[in-house]
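Asks: Before we start, here is the structure in question, set down as structure tokens.
No lab work stands behind these numbers, since they all come straight from the coordinates. Source: prediction; values computed, not measured. Don't worry about glycine lacking a Cβ; one is built from the backbone with ideal geometry, like all the others, and counts go over all protein chains shown.
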Amino acid sequence: MAGVSRQKQKLLRMEQLFKARTDEAHAITGGELIKILEEMGIKAERKTIYDDIATLCDAGLDIRTTKSGHSNAYYMGSRLFDDEELKILADAVSASRFLTIKKSGELIRKLQTLTSEHKSPALRRTVHIENRTKSSNDPTYGIIDTVQEAMFLDRQLELSLFDGTDRKRAGRKAAFSPYAVAFESDRYYIIGKTGGGVVRLRADKVAECVMLREKRDMLNEQEELEMRKLKLPRSAVGSEEKLRIRFDKNVYEEMIDRFGEKAPVRFGEDGSGLIEAEAVLSSEFWGWLFALGSKAKIVSPSYAAELARDKAAAIAESYGE
């Protein structure tokens, strides 16, 4: 009976073999395939093995034919993800700050199953990101899943946060009505209402997250407005203005990268440019502008130019004489 059971597995085993052991540089002949199957206790004949390959192709597998000496050889062609896509995903997993080292390893090992065993070692990639450390809170995935489920079911959560000085000890528990999940700068944030109002919490600071039976607390009009602000990236908080910026021709590419090719630009006889574009006056914008130094200057509106001057003066004053 065991032999009959193994025979019924033949097509499944063949699919697994093609996916795991073959690629464009590693094809296997019909004879080699028969030998591998026999080692698994599955009988196969040369006459039927080609029919089996045709059946797999009819089922949607991209099994391609090449030559190995005088014999035909077969390999898996296209896959769900190509090599470049898998490497991008592996880099993203390796570089993500909110993933622990353990979780990164687990995800990359799963990505490796999506290509052949000959190419999978290339996905063991380590991407160094300056001034970033991996999260030490492994349950972040589960916490986000619980938050999403609570929002779908319109239920409250009971949260406890890690103590600020001792990550092994959780603080007191509190009811929380979740309304949004945000992802910014490689971190997950959960946004919702507590007894003290609307708050935004880092998911990796949550020690425990339990869904309650109670319905979420409703938001009033003021809390709705506050919620919208908290959904925005921190770097985007600020007023939006239509600016005119005069710039040195050497930083023209930086201007286009920032505001896009459709932003109106005029060049003067001295080679300097003047660009008109809308920008959010956030800390991220000021950081970008000041990084250009004297090669870029806000011309109008006057209040934005004065604001830039005051910020620059405050920076200079912080360094004293």
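Asks: With each pseudo-label sitting 7 Å past Cα toward Cβ, what's the Y50-D217 distance in nm, one decimal?
Replies: Between Y50 and D217, the simple spin-label model gives 7.4 nm.
Asks: Once both axes come from the Cα atoms, what is the angle between helix 140-153 and the longest principal axis of the chain, in degrees from 0 to 90, rounded to 10?
Replies: 80
Asks: Could I ask something else about it? What is the distance, in nm, between label points placed 7 Å from the Cα along the Cα-to-Cβ direction at K67 and at L225?
Replies: 7.7
Asks: Then there's this: Quick one: putting +1 on the C-beta of Lys and Arg, -1 on the C-beta of Asp and Glu, what dipole do you get for the chain around its Cα centre, in Debye to the nearest 20? Let's see the in-between values first.
Replies: Working: 53 positive and 52 negative charges, 243 e Å.
Using only the charged Cβ atoms, the result is roughly 1160 debye.
Asks: Tell me, what is the FRET efficiency for E208 and F81 to the nearest 0.05, using R0 = 35 angstrom and their Cβ-Cβ distance as r? Please report the intermediate quantities before stating the final value.
Replies: On the way: r = 36 Å, r/R0 = 1.02.
With R0 = 35 Å, the Cβ-Cβ based efficiency is 0.50.
Asks: Hey, another quick one. Among the trypsin sites (Lys or Arg not before Pro) within segment 199-286, which fall in a DSSP loop and have no more than 14 other Cβ atoms within 10 Å of their own Cβ?
Replies: On the way: sites: R200, R202, K205, R213, K215, R216, R228, K229, K231, R234, K242, R244, R246, K249, R258, K262, R266; in loops: R216, K262.
Here the trypsin sites (Lys or Arg not before Pro) that fit, given the DSSP loop and packing criteria, are K262.
Asks: Here is a follow-up. Which one, Y179, Y75, Y188, has the greatest fluctuation when you compute a Gaussian network model over the chain with C-alpha springs under 10 angstrom?
Replies: For the chain, modelled as a Gaussian network with Cα springs under 10 Å, the answer is Y75.
Asks: At 222 nm, what value in deg cm²/dmol follows for the chain if DSSP H runs of at least 4 each add -39500 (n - 2.57) and the sum is divided by all its residues, to the nearest 500?
Replies: Details: 11 runs with 126 residues, N = 321.
Estimated from H runs of four or more residues: -12000 deg cm²/dmol.
Asks: Also, quick follow-up: Apply the Karplus curve 6.51 cos²θ - 1.76 cosθ + 1.60, θ = phi - 60°, to the phi angles in segment 192-199 and return the couplings in whole Hz, x for Gly and Pro.
Replies: These are the phi-based 3J(HN,Hα) values: x, 10, 10, x, x, x, 7, 9 Hz.
Asks: While we're on this one: S300 to R109: extension gain in nm, 0.36 nm per residue of separation minus the Cα-Cα distance?
Replies: Here the answer is 63.4 nm.
Asks: Just tell me which lysines come within less than 18 Å, Cα to Cα, of K119; anything on the same chain fewer than 8 places away is out.
Replies: Within the straight-line limit of under 18 Å, K119 reaches these lysines: K19, K87, K110.
Asks: Another one. Pull up the cross-link candidates among the lysines for K295, meaning alpha carbon to alpha carbon under 24 Å and not fewer than 8 places away within one chain.
Replies: Candidates past the 8-residue exclusion: K242, K249, K262, K311.
Asks: So how much slack lies between R309 and V199, counting 0.36 nm per residue of separation and subtracting their Cα-Cα distance, in nm? Before the final figure, lay out the partial values.
Replies: Working: separation 110, 0.36 × 110 = 39.60 nm, distance 3.32 nm.
Full extension from R309 to V199 adds 36.3 nm.
Asks: Now, a different point. To the nearest 0.05, how large is the calculated FRET efficiency for W286 and D154 if R₀ is 45 Å and r is the Cβ-Cβ distance? It would help to have the intermediate numbers written out before the result.
Replies: Details: r = 40 Å, r/R0 = 0.90.
Using R0 = 45 Å, I get an efficiency of 0.65.
Asks: Given R₀ = 41 Å, what would the calculated FRET efficiency be for I36 paired with I101, taking r from the Cβ atoms and rounding to 0.05? Please report the intermediate quantities before stating the final value.
Replies: Details: r = 36 Å, r/R0 = 0.87.
Efficiency for this residue pair is about 0.70.
Asks: Let me ask another. Please state the Cα pair-distance histogram of segment 240-318 with 10 angstrom bins from zero: what percent is in each bin?
Replies: With 10 Å bins starting at 0, P(r) equals 18, 56, 24, 3.
Asks: Using a ≥ b ≥ c from the Cα gyration tensor of the chain (square roots of the eigenvalues), is it rounded, prolate or oblate, where a/c under 1.5 gives rounded and otherwise the larger of a/b and b/c decides, a/b for prolate?
Replies: Taking the square roots of the gyration eigenvalues as a ≥ b ≥ c, the chain is oblate.
Asks: Short version: ³J(HN,Hα) in whole Hz for each residue of segment 28-44, in order, from phi by Karplus 6.51 cos²θ - 1.76 cosθ + 1.60 (θ = phi - 60°), x for Gly and Pro, what are they?
Replies: 10, 7, x, x, 5, 5, 4, 5, 5, 5, 5, 5, 8, x, 10, 6, 8
Asks: Evaluate the relative contact order of segment 2-76 (contact order divided by residue number), counting alpha-carbon pairs under 8 angstrom at least 6 apart; express in whole percent.
Replies: Working: 73 pairs, mean separation 29.0, N = 75.
It rounds to 39 percent for segment 2-76.
Asks: Would you list which lysines come within 21 Å of K215, measuring only between C-alpha atoms, while excluding same-chain residues fewer than 8 positions from it?
Replies: Qualifying lysines at Cα under 21 Å: K173, K193.
Asks: Subtracting the Cα-Cα distance from 0.36 nm times the residue separation, let me have the gained length for E240 to D91 in nm, one decimal. Display every interim value, and only then the final one.
Replies: Working: separation 149, 0.36 × 149 = 53.64 nm, distance 3.44 nm.
That pair, E240 and D91, stretches by 50.2 nm at full extension.
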